[in-house]
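Notes follow once the structure below has been shown.
The values are calculated or read from the model by the stated rules, or taken from the named source; none is laboratory data. Because the structure is predicted, anything quoted here is derived from the model rather than measured. Positions of Cβ are backbone-derived with ideal geometry, glycine not excepted, and every protein chain shown enters the neighbour counts.
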Amino acid sequence: EAGVVQSPRYKIIEKKQPVAFWCNPISGHNTLYWYRQNLGQGPELLIRYENEEAVDDSQLPKDRFSAERLKGVDSTLKIQPAELGDSAVYLCASSPGPIREQYFGPGTRLTVT
Amino acid sequence: KQEVTQIPAALSVPEGENLVLNCSFTDSAIYNLQWFRQDPGKGLTSLLLIQSSQREQTSGRLNASLDKSSGRSTLYIAASQPGDSATYLCAVISGGGADGLTFGKGTHLIIQP
């Protein structure tokens, strides 16, 4: 069974440019998460989806970040415009439900210069 | 707000030793606790999931215990090997799952050959 797929694996952009990350969860997993991990820290939740509905986005900086999960399968996280402080690893995870075991993708390492 | 602390932050031991990694959390109202492994530049690999009603889980040379009332978990690694070198992260789900996983900062483990 395929795991969580993310692309791209690495992205380098200049500040003020837009960037988008894509995630395809494990088949049949209704719950999808986006986390951000800064260097030396544990991941922090940005947004959680139950099917196509964003049920918790309180940690998402809404002035520049947006996310969507059309048709309740794959998801896209966008930053526009990017700032230097957005440099981090963006991780996608999925699970069969909100309090079930979570499975993580390899992440996208974003560098903003 | 849930907070997770991991001690020690770093650990270096000779190959073959048994070792214990510690995790504590401030709010005992958790649904489950997960231990993850993260290799440099990689995503998170789930090692063990302990439900709130369980006391421990075992997988191969790994054993994780949970004392929910005192807000503590330990990860025991038996007969350590150089391949066990990685960062180990502890995370809990609480608050109905709305906040996703709350992570500690991790323990950076080095097993010396």
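Only a single criterion out of (1) loosely packed, with under 14 Cβ neighbours inside 10 Å; (2) away from chain A (no Cβ under 14 Å); (3) in contact (Cβ under 8 Å) with a residue 40 or more places away in the chain; (4) out of contact with any Phe, Trp or Tyr (no Cβ under 9 Å at 6 or more places or on another chain) is not satisfied by B:Gly60, namely (3). For the range A:72-113, the set of residues classified as buried (at least 19 other Cβ atoms within 10 Å of the Cβ), away from chain B (no Cβ under 14 Å) and in a loop (DSSP other than H, G, I, E, B) consists of A:Ala82 only.
Number of residues in the range B:30-49 that are more than 8 Å from chain A (Cβ to nearest Cβ), crowded, with 19+ Cβ neighbours inside 10 Å and at pLDDT below 95 equals 1. Scanning the range A:50-71 for residues that are assigned to a loop (DSSP other than H, G, I, E, B), in contact (Cβ under 8 Å) with a residue 12 or more places away in the chain and either of a type in the set (D, E, K, R) or at the interface with chain B (Cβ under 9 Å from one of its Cβ atoms) (or both) returns A:Glu52, A:Gln59, A:Arg64, A:Arg69.
For B:Gly83, the conditions (1) without any contact (Cβ under 8 Å) to a residue 40 or more places away in the chain; (2) within 16 Å of B:Leu48 (Cβ to Cβ) are fulfilled apart from (2).
Against the list (1) more than 9 Å from chain B (Cβ to nearest Cβ); (2) over 11 Å from the mean Cα position of the chain (by Cα), the condition A:Leu32 fails is (2). Considering A:Arg69, A:Arg48, A:Arg36, the condition of being within 18 Å of A:Tyr10 (Cα to Cα), surrounded by 14 or more Cβ atoms within 10 Å (Cβ to Cβ) and either touching a strand residue (DSSP E or B) at 6+ places or on another chain (Cβ under 6 Å) or among the hydrophobic types (A, V, I, L, M, F, W, C) (or both) is satisfied by A:Arg36 alone. Within the range B:66-111, being surrounded by fewer than 18 Cβ atoms within 10 Å (Cβ to Cβ), among the polar types (S, T, N, Q) and within 13 Å of the chain's Cα centre (by Cα) holds for one residue alone: B:Thr74. Here the range A:8-19 is the region considered, the condition is being closer than 16 Å to A:Cys92 by Cβ and surrounded by fewer than 14 Cβ atoms within 10 Å (Cβ to Cβ), and the residue that is farthest from the other protein chains (Cβ to nearest Cβ) is A:Pro8.
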